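The values are calculated or read from the model by the stated rules, or taken from the named source; none is laboratory data. In this text the structure is predicted, and so the values were computed from the model without any measurement. Cβ coordinates were reconstructed from backbone atoms using ideal geometry, including for glycine residues, and neighbour counts include every protein chain displayed.
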Amino acid sequence: MGQTLVEALESFGVKSRVIGTVSGPRVTRYEIQLASGTKVGRVSALKDDLAYALATTDIRILAPIPGKQAVGVEVPNTAPNLVTLGDIQGAFPGGSSPLTVWLGKDISGNHVHADLAKMPHVLVAGTTGSGKSGCLNAMLVSILLNASPDEVKMILIDPKRVELNHYEAIPHLLTPVVTNMKSAAAALLNVVGEMERRYEKLGTARSRNIVEFNKARIAAGRAEEVLPYVLVVIDELADLMMVAPAENEDCIIRLAQKSRAVGIHLVLATQRPSVDVITGMIKANVPSRIAFAVSSMTDSRVILDTPGAESLLGQGDMLYRPIGTSRIQRIQGAFVGEDEVGLVVEQCRRQAEPEFEEGFLDMPALVAGQGRGADADDDSDPDSDPLLEDALKVICNHETASVSLLQRRLRVGYTRAGRLIDMLERRGAISGYEGSKPRQVLISEADIPRLMAGGGAAAAAPAGGGDEPPFDTVDA
């Protein structure tokens, strides 16, 4: 094949020689050195002619290969090798976060992984059948195999209702798999609010990022305060942008700009890589890109800012451009079968039940938050929760109050437990937030009927003063 390539180039007046070959799972790259004085652009212009001479399709030309004095011609293998997640799955390098995932094998056969916490957000795009959904499955299964629900929480948005439904009811989920676009918009607003609350917690603790915050909590013997990473996966960004595009784009941009430090990360996938879906602001704030096969050079430029994806072969063949570099890797994505996904998911379900965030998909409560970073209950009845009386009994019986205590005893999520703590403080049942100090219970069980009747605020004023981030998890 190499000699045929040299002869084809020579027939068009381009003298060259093959100085190396690299064989990967799907393609073989021929590294060609051109005669002195020959412009590399001449090889790029002969792409279709070379495909004809080699009796193949979809060749890709790198003119030149980054870091080498050579032009690369990537030709599809006649017998491609399937790359499965089981082939490459293994221990990650030291220092990796719980969001580290396996992507596949590069053209040299090396295993490729990526840390979503460092990316810190990624855009995945490609046409139907290109392997985009398979890539999402490989990412999610990698996380399920390596991270516990205490380390990573997920919000999965699946407008098509069939791509991510396998992951329903896994313990890593913050909400059920979201299929309604209005609920998805509400979830994004809630994630923005959670981001702001986490920044308040980091500010109080004087930590720069979630890693420092969690290390400090563990060192202080307060592991129950550790914040999990939150991964938001949107399987079809185009559908989300059709429902309130300005508001949804605003949420995505705010998260992309600020959420990295507090451990919230985005995976945005679409099969419509057009400028009305992948807007300039989204591209500017989502630095890592994965492109699968697309139909035109224009679509490739929208995703990667460079052509090349239009020459991919489909079925997992991808171009990966990580943050901080313009160098693009060609990778054969890892395949995960539906039966394998089912086995992993079933194992996760057997280990624990999901603890969904109450009201996380509730748009009216979020709209009342005014600015999306404020407390979502500020404009609603602060004491309108059917579990308030149960919460009062719990804190009286245990003589302490914390979000983690209410989570365990009432079996509710972070958000609802945080709102209950706020209600108790407003009623004067507990002291205010005082940093690392545990809250004091200011009432006895005999006071509960009076508090439920609305007489608590006058009878017992909060001792600590100040506002508390809703997700205070100090436990005695």
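Quick notes
- Thr127 being out of contact with any strand residue (DSSP E or B) (no Cβ under 9 Å at 6 or more places or on another chain), polar (S, T, N, Q) and within 28 Å of Tyr167 (Cβ to Cβ): yes
- Selected residue (only one of Thr279, Thr306 is touching a residue at least 24 places away in the same chain (Cβ under 8 Å) and either more than 19 Å from the chain's Cα centre (by Cα) or closer than 21 Å to Pro120 by Cβ (or both)): Thr279
- Being in contact (Cβ under 8 Å) with a residue 40 or more places away in the chain, assigned to a loop (DSSP other than H, G, I, E, B) and among the basic types (Lys, Arg) is a condition met by at least one residue of region 326-333.
- Of everything in region 147-180 that is part of a loop (DSSP other than H, G, I, E, B) and among the charged types (D, E, K, R), the residue that is surrounded by the fewest Cβ atoms within 10 Å (Cβ to Cβ) is Arg161.
- Lone qualifier among Phe335, Phe356, Phe360 - being within 30 Å of Leu312 (Cα to Cα) and either surrounded by 12 or more Cβ atoms within 10 Å (Cβ to Cβ) or at pLDDT 90 or above (or both): Phe335
- Qualifying residue in region 239-250 (condition: surrounded by 16 or more Cβ atoms within 10 Å (Cβ to Cβ), under 30 Å from Leu304 (Cβ atoms) and under 15 Å from the mean Cα position of the chain (by Cα)): no
- The residue of region 206-229 that is nearest to His172 (Cα to Cα), among those that are without any contact (Cβ under 8 Å) to a residue 24 or more places away in the chain and of a type in the set (Gly, Ala, Ser), is Ala223.
- Verdict on Val112 being more than 20 Å from Gly24 (Cα to Cα) and among the β-branched types (Val, Ile, Thr): no
- Restricting Glu74, Glu10, Glu31 to residues that are at pLDDT 90 or above, in a strand (DSSP E or B), among the acidic types (Asp, Glu) and out of contact with any helix residue (DSSP H, G or I) (no Cβ under 9 Å at 6 or more places or on another chain) narrows the list to Glu31.
- Residue pairs meeting the criteria (Cβ under 7 Å; at least 6 apart or on separate chains; first within 23 Å of Ile107 (Cα to Cα), in region 38-62; second of a type in the set (Phe, Trp, Tyr) and surrounded by fewer than 17 Cβ atoms within 10 Å (Cβ to Cβ)): Leu46/Phe12
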